[in-house]
Amino acid sequence: MKDILSMTLPELQEAVQALHEPKFRAAQIYHWLHVRKVTDFAQMTDLSSSLRTKLQDEFCIKRLFIARKLASSMDDTVKYLYRLPDGQHVETVLMHYQHGWRLCISTQVGCKMGCQFCASTIAGYVRNLEVSEMLLQIDETERDAGISISGLVLMGIGEPLDNFENVLRFLEMLSDPKGRTMSLRHVTLSTCGIVPKIRELAERKTGLTLAVSLHQPDNQSRSQVMPVNRRYPLPELMEACQYYFAMTGRRVTYEYAIMEGENDSFEDARKLAGLLSHQQAHVNLIPVNAVKERNFHADRQAAQRFMQYLEKLGIHATVRRTLGSDIEAACGQLRHEADLAETGEE
């Protein structure tokens with residue numbers, strides 16, 4: 001059956017007409033799906049029973065299912081492990097800030113990028129998420145938590161720019177004035193640095209915030225921990241980021257995971273400052289998550305110390321606020337554990 005939640009309004013209009021129904025019915029269906037967020041065609045009460053039967057025969061409304069849920073006892077952070085219709089798993093994190101609820105969603109099942117400090121790559125890449133599976137991370141979380149999401153981060157499992165077409169369709173439907181109406185200025189997309197897609201995203205002028213994962217300040221070091229740097233080295237990446245700013249007027253945020261003894265010295269800070277000196281840069285420092293299969297570690301004090309180095313060198317930096325530290329597991333770790341449980345491995 002066709003995945004109706006992944007269809008744009010024009011696509012739905014064509015599909016409705018193919019069922020020999022008036023074109024305007026598509027807007028009603030679209031409203032039920034993306035504003036009322038119903039889970040069954042029977043709930044679309046302003047449609048005729050015959051049309052609801054046709055829809056039931058031709059289409060499906062996908063759902064995600066909570067396989068595991070970790071709620072922090074320290075704040076309002078909740079980490080969800082969602083089971084997809086095909087049995088695969090992805091992670092979603094709900095976070096509460098003064099300005100509202102923010103959700104971090106996944107864009108792929110697994111990841112191809114192979115970053116050495118990241119748990120998302122350990123269980124391997126399986127497939128891209130469909131548009132509906134990204135939207136449903138919002139819908140299912142809002143239903144479970146009884147809240148409305150005001151901001152979104154594409155920073156969970158997967159590389160968003162490696163699922164480029166589906167992510168663009170997702171953003172289009174997320175911001176559709178006839179549907180979900182979320183301003184893309186409330187959306188942050190995090191990438192490890194796929195240069196051609198950064199440039200293409202810049203030309204789309206979506207208005208979203210681009211966050212680029214650096215994690216090392218020079219080519220040699222970055223290539224060791226982030227294989228993507230071998231294909232798109234730092235000079236090319238920096239040019240693409242400057243192009244993004246020139247095209248959109250939106251300052252790029254740089255993510256830098258502090259790994260003690262690896263990238264947190266004053267010399268590392270000096271190299272990073274030199275790399276970013278010719279642009280309006282903001283660096284978001286993140287103490288690296290401990291992953292049992294990896295040997296990287298850090299604490300907040302190390303991140304604070306590195307922030308002070310950068311500020312002395314004229315680079316604006318902040319240490320990411322710690323949320324849900326009592327449930328903290330590296331992104332991808334819950335999925336990896338679920339896979340091991342299903343295979344009976346330790």
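All of the numbers you see were taken from the coordinates with simple rules; none came from a lab. Since the structure is predicted, the reported quantities are computational estimates derived from the model, not experimental observations. Here Cβ is always computed from backbone atoms with ideal geometry, including for glycine, and neighbour counts include all displayed protein chains.
Which whole-Hz couplings ³J(HN,Hα) result when phi for each residue of the range 35-43 is put into the Karplus expression 6.51 cos²θ - 1.76 cosθ + 1.60, θ = phi - 60°, listed in order with x for Gly and Pro?
Going residue by residue, I get 10, 7, 6, 6, 10, 8, 4, 5, 7 Hz, with x marking Gly and Pro.
Would you work out if the range 2-60 is rounded, prolate or oblate? Take a ≥ b ≥ c from the square roots of the eigenvalues of the alpha-carbon gyration tensor; rounded if a/c is under 1.5, else prolate when a/b is larger than b/c, oblate otherwise.
Rounded.
Can you tell me how much longer the chain between residue 40 and residue 239 gets when fully stretched, taken as 0.36 nm per residue apart minus their C-alpha distance, in nm with one decimal?
Value of the extension gain: 66.9 nm.
What aspartates and glutamates could a cross-link reach from residue 112, if we take a straight Cα to Cα line under 16 Å and drop same-chain neighbours fewer than 8 places away?
Once the sequence-local aspartates and glutamates are set aside, what remains near residue 112 is 159, 162.
Can you tell me the 0 to 90 degree angle between the C-alpha axis of helix 300-312 and the longest principal axis of the chain, rounded to 10?
On a 0 to 90 degree scale, this one is about 70.
Using the 10 angstrom Cβ neighbour count as an exposure proxy, how do 60, 104 rank, fewest first?
So the residues, fewest neighbours to most, are 60, 104.
Suppose R0 equals 41 Å. What FRET efficiency, 1/(1 + (r/R0)^6) with r the Cβ-Cβ distance, do residue 279 and residue 176 give to the nearest 0.05?
Efficiency at R0 = 41 Å is approximately 0.80.
List the aspartates and glutamates whose Cα lies under 13 Å from the Cα of residue 205, skipping any in the same chain that are fewer than 8 positions away.
Reachable aspartates and glutamates: 172.
When you count, for each residue, the other Cβ atoms within 10 Å and take the mean per peptide, how do 177-184, 146-153 rank with the highest first?
Packing proxy ranking, top to bottom: 146-153, 177-184.
Set the Förster radius R0 to 30 Å, insert the Cβ-Cβ distance between residue 219 and residue 86 as r into 1/(1 + (r/R0)^6), and round the FRET efficiency to 0.05.
Computed FRET efficiency for residue 219 and residue 86 comes out at 0.15.
Under the rule of at least 5 residues apart or a separate chain, name every residue whose amide H is placed under 5 Å from the amide H of residue 192.
213
Please sort 79-92, 34-47 by packing, taking for each peptide the average over its residues of neighbouring beta carbons within 10 angstrom, highest first.
79-92, 34-47
What lysines sit close enough to residue 54 to cross-link, taking a C-alpha to C-alpha distance under 24 Å and skipping anything fewer than 8 places away on the same chain?
2, 23, 37, 62, 178
Tell me whether the chain comes out rounded, prolate or oblate; compute the Cα gyration tensor, take square roots of the eigenvalues as a ≥ b ≥ c, and use a/c under 1.5 as the rounded threshold.
prolate
Compute the relative contact order of the chain as a whole-number percentage, counting only Cα pairs closer than 8 Å that sit 6 or more residues apart in sequence.
Once normalised by length, the contact order is 15 percent.
Could you calculate the contour length gain from residue 199 to residue 266, that is, 0.36 nm times the residue separation minus the distance between their Cα atoms, to one decimal place in nm?
21.0 nm
Can you give the extra length, in nm with one decimal, that the chain gains between residue 23 and residue 74 once fully stretched, where that is 0.36 nm per residue apart less the Cα-Cα distance?
Fully extending the segment from residue 23 to residue 74 adds 13.3 nm.
³J(HN,Hα) across the range 204-212 via Karplus (A = 6.51, B = -1.76, C = 1.60, θ = phi - 60°), whole Hz, x for Gly/Pro?
Those phi angles translate into 6, 6, 6, x, 6, 8, 9, 10, 10 Hz.
Assuming R0 = 56 Å, can you tell me the calculated FRET efficiency for the pair residue 58 and residue 311, based on Cβ-Cβ distance, to the nearest 0.05?
In this case the efficiency is close to 0.45.
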